[in-house]
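To keep things clear, I will list the structure first and then write my remarks on it.
The values are calculated or read from the model by the stated rules, or taken from the named source; none is laboratory data. For clarity, every value in this text was computed on a predicted model and none was experimentally measured. Note that each Cβ is placed from the backbone with ideal geometry, even for glycine, and that neighbours are counted across all protein chains shown.
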Amino acid sequence: MTNKKKVLIVDDEKETCAVLEEFLGDAYEIAIANDGREALAKIDSFQPDCVLLDIRMPDLNGKKVLETLQTKESKPRVIVITGSLGSNAENEFQTLGAYSFMSKPIDLDDLEKKIESCLND
């Protein structure tokens with residue numbers, strides 16, 4: 001049994017998931033989902049402490065995942081990761097419960113600080 005905090009990486013770009021998993025894997029227990037539907041299933045089964053959520057995904061996008069999470073009793077903290085995020089979108093995602101935001105390409109050191117803040121806030 002591990003005492004590591006759990007982080008779910010949600011991105012349809014498998015290479016991004018692999019890089020993040022390699023970078024974060026020593027510090028956290030990692031699970032990966034490549035689309036929104038898989039993310040919601042993994043949130044229920046894996047019960048992550050933090051979710052790194054891409055917004056632009058086929059089928060069920062990150063916004064829909066955030067909206068669905070608002071209906072759940074137990075919600076993990078969510079860091080939204082996207083290629084383009086205007087101030088209006090940031091306000092919208094914050095209203096939907098996002099903890100923090102990052103733009104792609106991801107600065108791994110900044111990401112690590114945001115995850116630590118997310119888990120210890």
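Annotation: of all residues in segment 6-44 being touching a Lys or Arg at 6+ places or on another chain (Cβ under 6 Å) and of a type in the set (A, V, I, L, M, F, W, C), the one that is farthest from Leu119 (Cα to Cα) is Ala33. A search for C-beta distances below 7 Å between a residue of segment 90-110 that is of a type in the set (Val, Ile, Thr) and any residue that is not in a helix (DSSP H, G or I), counting only pairs 6+ apart in sequence or on different chains, returns Ile106/Ile81. Give the number of residues within segment 72-84 that are under 15 Å from the mean Cα position of the chain (by Cα) and either at pLDDT below 90 or farther than 15 Å from Asp49 by Cβ (or both). Adding up the residues that qualify gives 5.
Within segment 88-114, restricting attention to residues that are modelled with pLDDT of 90 or more and among the acidic types (Asp, Glu), the residue that is surrounded by the most Cβ atoms within 10 Å (Cβ to Cβ) is Glu112. Cβ-Cβ contacts under 9 Å between residues 6 or more apart (or on different chains), taken from a first residue in segment 8-36 that is under 20 Å from Arg77 (Cβ atoms) and touching a residue at least 24 places away in the same chain (Cβ under 8 Å) to a second residue that is among the aliphatic types (A, V, I, L, M) and assigned to a loop (DSSP other than H, G, I, E, B), are listed as Val10/Met57; Asp11/Met57; Thr16/Ile106; Leu20/Ile106; Gly36/Met57; Gly36/Leu60.
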